[in-house]
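Asker: Structure in structure tokens, see below.
The values are calculated or read from the model by the stated rules, or taken from the named source; none is laboratory data. None of these values were measured; they are calculated from a predicted model. When we count neighbours, we look across all protein chains shown, and the Cβ atoms used for this are built from the backbone with ideal geometry, even at glycine. The area values use the complete protein model at the heavy-atom level, side chains included, leaving out ligands, DNA and RNA. Shrake-Rupley method; radii C 1.70, N 1.55, O 1.52, S 1.80 Å.
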Amino acid sequence: IYADPAKRLELYFRPKDPYCHPVCANRFPTSTMLLRVRRSTKKKQQLDAEEQIQPEVQFEMEILGIVTTVYKFQGMSDFQYLAMHSGPDGKQTSMYDKVLMLKPEKEEFFNKDLPLYIPPPIFSRLDTPVDYFYRPDIQHREGYNNPQVSGENLIGLSRARRPHNAIFVNFDDEEIPTKPLDAAVQNWKKVCTNPVDKKVEEELRKLFEVRPVWSRNAVKANISVHPDKLKVLLPYLAYYMLTGPWRSLWVRFGYDPRKHPEAKIYQVLDFRIRCGMKYGYAATDMPVKAKRSTYNYSLPITVKKQGSHTVSVHDLKQGLGSAGTSGAKKPPSSRYKLKESVYIFREGALPPYRQMFYQLCDLNVESLQKIIHRNDGTESECTERDGWCLAKTSDDLRDSMSLMIKQIIRSTRPALFSNTTSSEDGKEQLAYESGEEEDDEEEEEEDFKPSDGSENEMETEILDYV
């Protein structure tokens with residue numbers, strides 16, 4: 001714990017009890033001394049039986065060193081949950097010998113009838129008291145109305161909607177918007193105050209003229225714009241699809257992909273890299289690391305980090321999308337640009353994330369494009385699951401892409417596949433061979449570090465606008 005300044009010191013009242021919840025101490029810098037104090041007592045000889053002689057006490061002090069860090073237990077102790085059972089007569093009976101398996105047991109141990117014992121899944125994250133004072137309702141901006149509370153939905157919104165004013169469209173909606181909301185127009189005019197912002201607006205308009213459907217990451221890879229300004233600009237030029245084959249994508253106002261069979265190349269593919277022993281490699285062997293993991297969850301024993309600075313409209317006006325901050329390494333033309341790998345799938349290269357949302361036109365592999373265009377000219381119906389493609393097209397694409405990724409991992413880490421049989425190798429052999437150039441590109445992708453705001457998850461994007 002001392003080696004990690006972000007950790008808190010834990011104290012367990014019952015170290016051998018797995019259901020014991022610890023109390024945590026905070027780390028503080030100090031400048032104190034560590035002393036060694038010795039107390040020695042010498043008894044004097046007693047000459048007279050009636051005389052009481054006080055022993056002679058001496059103290060010796062020695063400075064051993066300086067203490068620079070101290071841990072203080074300032075919080076309250078949390079609930080201590082015991083494995084107990086209350087009988088009909090109110091008598092408490094311990095269940096530790098029945099629920100804790102301290103040695104290998106036979107089948108009878110697991111078939112015993114026991115009282116219901118369900119420990120809490122998580123304890124309180126806070127160990128310091130908070131004054132609540134029963135505050136009144138939150139005062140929102142003018143025009144905000146609290147949502148109606150029904151018996152089915154007792155949890156309402158705790159804050160007002162963020163003023164990005166995006167238009168959300170479901171696949172079942174009959175009409176699509178042809179122009180942005182007035183609030184979205186005013187919002188963009190408010191922050192578009194310099195020539196660079198005008199240039200970014202024109203560049204995005206040209207992108208939507210060339211291609212009517214874009215993902216947010218694809219836009220970031222083609223235009224250098226601050227993520228917070230892009231949140232305001234996108235609702236000004238496009239609407240957002242929530243469901244269907246174009247979900248999580250931005251569509252140009254007035255364009256309905258459900259009425260144009262040629263729009264199937266813009267459909268989204270939710271692709272996730274398969275990992276597990278049945279695929280020949282474990283999650284720890286995956287070259288593409290996860291963005292987050294449950295193993296890193298260490299609250300409340302970690303010190304609370306300071307939150308990131310919230311960008312205001314005033315900050316946006318000061319030129320976050322312009323020549324910007326001093327000392328920046330990247331030129332203004334590419335400071336906020338992402339790599340093409342965040343939205344394009346290429347042969348012989350690993351994706352930067354384990355979960356990716358690709359548009360079908362961005363799968364730059366000939367074999368994958370053949371799967372997509374199998375029904376060109378014969379599209380009859382646009383369905384919510386497959387769009388204008390044949391049924392199971394997404395499954396076929398995922399299978400082919402997974403084999404390609406497995407081939408890449410096999411070429412870089414052959415020891416993981418040393419036990420695979422020749423027959424399995426023959427079934428999984430791909431129609432391409434990786435060369436030196438592809439290996440170089442692959443190494444470059446492994447070192448990919450996403451820029452700020454480059455999460456490729458539709459849930460994250462929806463939360464930005466809701």
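Asker: Give the accessible area for E108 in Å² (nearest 10); use a 1.4 Å probe, count only protein heavy atoms, and leave out ligands, DNA and RNA.
Answerer: 120
Asker: Okay, next question. In debye, nearest 20: dipole of the stretch 159-219 around its Cα centre with unit charges on the Cβ of K, R (+) and D, E (-)?
Answerer: With Lys and Arg at +1 and Asp and Glu at -1, about 460 debye.
Asker: Quote the accessible area belonging to R205 in square angstrom, nearest 10, computed with a 1.4 Å probe and with ligands, DNA and RNA left uncounted.
Answerer: 90
Asker: Let me ask something additional. Can you sort K98, K16, K106, K206 by 1.4 Å-probe accessible area, starting with the largest?
Answerer: On the way: K98 85, K16 200, K106 155, K206 130 Å².
Final ranking, largest accessible area leading: K16, K106, K206, K98.
Asker: Here is a follow-up. Please report Rg over Rh for the stretch 1-134, where both radii come from the alpha carbon positions and Rh follows the Kirkwood definition.
Answerer: Dividing the radius of gyration by the Kirkwood radius yields 1.22.
Asker: Counting Lys +1, Arg +1, Asp -1, Glu -1, what net charge surrounds I265 among other residues with beta carbon under 11 Å of its beta carbon?
Answerer: After counting each charged neighbour, the total is -1.
Asker: Could you put E203, E340 in order of accessible surface area, largest first, with the 1.4 Å probe and the full protein assembly present? Walk me through the numbers on the way to the answer.
Answerer: Details: E203 70, E340 95 Å².
Largest accessible area first, the residues go E340, E203.
Asker: Going by accessible area, probe 1.4 Å, with all protein chains left in place, what is the ranking of D362, D376, largest first?
Answerer: Of D362, D376, the descending order of accessible area is D376, D362.
Asker: Here's another thing I want to ask about it. Any chance you could look up the accessible area of E10 with a 1.4 Å probe, heavy atoms only, rounded to 10 Å²?
Answerer: Accessible surface of E10 is approximately 70 Å².
Asker: Greater than 22 Å separation of Cα atoms is the criterion. Which listed pairs, K231/K259; K289/K339; K264/K339; K206/K339; K189/K264; K190/K231, meet it?
Answerer: K231/K259; K264/K339; K189/K264
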